[in-house]
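**Q** Would you mind keeping the following structure in view while I ask a few things?
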Amino acid sequence: MARVAVITAPNIGYRNTGMLTVDLAFESLRRRMDAGIDATWFTLHTPETVPLRECALGTDLPFRFHPLAEHLDTVRDHDAVVFWGDFLHTRHYLEQDATNRLLDFGFAEDRDAARGLLNRTLLFADQPDELLARTLSYGGTILHNTQSDYEDKDYGPLFSRMVRRSHRVWVRDPLSAAKIAHLREDRTTDYFGSDAALLSRPGDLDHLPTTDWSRSVPDGGAIGVFLGARTPIPDWLPAFCQDLSDRLGAPLEWLPWFDRDIPAPVGHIAPRPGRHTIGDLPAVLPRYRLVITDTYHLAVNAWGAGTPAVCVGAPEPTPKTHDDYLTLSDVKKHVFHMAYDATDFYLSTLPDSGEGHERRVDRLVQLVEGGGADTVARRIRAHADHSAAAFTDTLTSLLGGPRPTPGP
């Protein structure tokens, strides 16, 4: 059986449901592949670094993570390496989120030590070209990378080497795909993959335990709402949600994608009653008529389940300080919807006139009831299925043949 090292972004306590669906999608692919694969999972710091989220306790998830820095030598012993999802190779992630977490949890003494560790683990600074030649990267993004990042004397050469010498790269948005084509000097290869979470097909996550919480959606459907986690809620949005609810004849209910209190502006929206498992959260999505959210991976997973998502985002600002986390920027939500002709479902938080409000409600109701939303969902699913086939074919070929020689 072929051995594959899978490297993902850390999801402490399994607090981030969307990141969990990203990881579960690799398991979905592994189960569907004809080639036998023994996957070993690595991340910078394991979920158990902090207490697990309550709804995840006792869940038999199909992976157990190893701390990457402590096991880096064993990664080389695998037949292939897969970097899976997220911002793992962007300079801002290495400087901001990743470095800060290593310091917070005591895995590095200072910022220089943290960056050295990240260069070794995520950019393979000390690894031979032969390892990169059997390395794949899927579902990442370099959306915010700029030329000034490549001018950095440490990051630039290491990132360029990683991109150029890896066996194959798929990124989750078309802008990152264009950048990869420039960097690899290859205008013919398709680098635009889907978000990794979309590679789970409907039904693939049925192995997760669920309860009646996700099965008891009211007759006629309901609208799942999760707001305030990523973007401030504009004054007009609660009334907009209620108007959609009234027009579609579907009640609003709070969907606890993350564990947090319901924000005051939408405090009138009642949570779905009862206790839920972490498996209930993706399981409820296909039962909804609509999802309204400001959270990227909830929107992605809803569309993947065939449920239209109204996604809310602020106009993209210029980062004000070194500490503005670009991984949380709203631009990724906008780009995702633009890539699939789904911007009818993307709402800017800019002030809205009454007339504009009515037009947007009318347009969304027409798309949901008239089939336009289904067309978008099919477009997203078709791309995900095509991309999944390209990835699995490449991985199967890589595992079945002799170890490749490094690229140019």
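The values are calculated or read from the model by the stated rules, or taken from the named source; none is laboratory data. Being a predicted model, the structure only gives us computed values, none of them experimental. Here the Cβ is made from the backbone with ideal geometry for all residues, glycine too, and neighbour counts use every protein chain on show. Remember, those area values only see protein heavy atoms, side chains included, never the ligands or the DNA or RNA. Shrake-Rupley method; radii C 1.70, N 1.55, O 1.52, S 1.80 Å.
**Q** Can you tell me which residue in the range 92-111 is nearest to the chain's Cα centre (by Cα), limited to those that are in a loop (DSSP other than H, G, I, E, B) and exposed (fewer than 14 other Cβ atoms within 10 Å of the Cβ)?
**A** Gly106
**Q** Could I ask something else about it? Out of the residues in the range 185-235 that are in a loop (DSSP other than H, G, I, E, B) and of a type in the set (Asp, Glu), state the one that is nearest to Ser28 (Cα to Cα).
**A** The qualifying residue nearest to Ser28 (Cα to Cα) is Asp204.
**Q** Which one of these is at negative phi, aromatic (Phe, Trp, Tyr), part of a loop (DSSP other than H, G, I, E, B) and open to solvent by less than 40 Å² (accessible area, probe 1.4 Å): Trp257, Trp303?
**A** Residue meeting the stated conditions: Trp257.
**Q** A further question follows. All but one of (1) out of contact with any Phe, Trp or Tyr (no Cβ under 9 Å at 6 or more places or on another chain); (2) crowded, with 19+ Cβ neighbours inside 10 Å; (3) not hydroxyl-bearing (Ser, Thr, Tyr) hold for Ala114, so report the exception by its number.
**A** (1)
**Q** Which members of the range 317-351 meet the condition of being at negative phi, in a loop (DSSP other than H, G, I, E, B), at pLDDT 75 or above and open to solvent by 20 Å² or more (accessible area, probe 1.4 Å)?
**A** Thr349, Leu350, Pro351, listed by residue number.
**Q** Further question: Looking at this structure, is Arg187 closer than 23 Å to Ala388 by Cα and surrounded by fewer than 18 Cβ atoms within 10 Å (Cβ to Cβ)?
**A** It is true that Arg187 is closer than 23 Å to Ala388 by Cα and surrounded by fewer than 18 Cβ atoms within 10 Å (Cβ to Cβ).
**Q** Okay, next question. Among the listed residues Leu143, Leu117, identify the single one that is among the hydrophobic types (A, V, I, L, M, F, W, C) and within 13 Å of Thr90 (Cβ to Cβ).
**A** Leu143
**Q** Oh, and also: Please find, within the range 358-386, the residue that is nearest to Phe240 (Cα to Cα) out of those that are open to solvent by less than 20 Å² (accessible area, probe 1.4 Å) and of a type outside the set (Gly, Ala, Ser).
**A** Here the residue is Val361.
**Q** With the requirement that a residue be open to solvent by 50 Å² or more (accessible area, probe 1.4 Å), touching a residue at least 60 places away in the same chain (Cβ under 8 Å) and part of a helix (DSSP H, G or I), what does the range 159-173 give you?
**A** Arg164, Arg165
**Q** Within the range 272-291, can one find any residue that is in a strand (DSSP E or B) and either within 18 Å of the chain's Cα centre (by Cα) or modelled with pLDDT of 95 or more (or both)?
**A** Yes, the range 272-291 has at least one match.
**Q** Which of (1) open to solvent by 10 Å² or more (accessible area, probe 1.4 Å); (2) without any contact (Cβ under 8 Å) to a residue 12 or more places away in the chain does Gly156 not meet, given it meets every other one?
**A** With (1) open to solvent by 10 Å² or more (accessible area, probe 1.4 Å); (2) without any contact (Cβ under 8 Å) to a residue 12 or more places away in the chain applied to Gly156, the lone miss is (1).
**Q** Something else: Going residue by residue through the range 54-65, is there one that turns out to be in contact with a Ser or Thr (Cβ under 8 Å, 6 or more places away or on another chain), open to solvent by less than 30 Å² (accessible area, probe 1.4 Å) and either under 24 Å from Val169 (Cβ atoms) or outside the structural domain of Asp393 (by the TED database) (or both)?
**A** Within the range 54-65 (the criterion being in contact with a Ser or Thr (Cβ under 8 Å, 6 or more places away or on another chain), open to solvent by less than 30 Å² (accessible area, probe 1.4 Å) and either under 24 Å from Val169 (Cβ atoms) or outside the structural domain of Asp393 (by the TED database) (or both)), the answer is yes, since at least one residue qualifies.
So that you can scan it fast, the table gives a plain yes or no per residue for (1) open to solvent by 30 Å² or more (accessible area, probe 1.4 Å); (2) touching a Cys at 6+ places or on another chain (Cβ under 6 Å); (3) more than 21 Å from Pro315 (Cα to Cα):
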| residue | (1), (2), (3) |
| --- | --- |
| Gly203 | yes, no, yes |
| Trp213 | no, no, yes |
| Asp243 | yes, no, yes |
| Pro251 | yes, no, yes |
| Gly267 | yes, no, yes |
| Ala283 | no, no, yes |
| Leu290 | no, no, yes |
| Asp294 | no, no, no |
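**Q** Considering each residue of the range 117-131, count those that are part of a helix (DSSP H, G or I) and under 17 Å from Gly156 (Cβ atoms), and give that number.
**A** 4
**Q** Suppose we filter Phe240, Phe258 for residues that are under 25 Å from Phe26 (Cβ atoms) and in the same structural domain as Ser348 (by the TED database); which single one remains?
**A** Phe258 is the lone residue from the list that is under 25 Å from Phe26 (Cβ atoms) and in the same structural domain as Ser348 (by the TED database).
**Q** Also: For Phe26, work out the one condition from (1) assigned to a helix (DSSP H, G or I); (2) over 30 Å from Thr211 (Cβ atoms); (3) aromatic (Phe, Trp, Tyr); (4) open to solvent by less than 10 Å² (accessible area, probe 1.4 Å) it doesn't fulfil.
**A** Evaluating Phe26 over (1) assigned to a helix (DSSP H, G or I); (2) over 30 Å from Thr211 (Cβ atoms); (3) aromatic (Phe, Trp, Tyr); (4) open to solvent by less than 10 Å² (accessible area, probe 1.4 Å) leaves (2) as the failure.
**Q** Of the conditions (1) among the small types (Gly, Ala, Ser); (2) under 30 Å from Thr396 (Cβ atoms); (3) part of a helix (DSSP H, G or I), Ala114 satisfies every one except a single condition; which number is it?
**A** Only one criterion is unmet by Ala114, namely (2).
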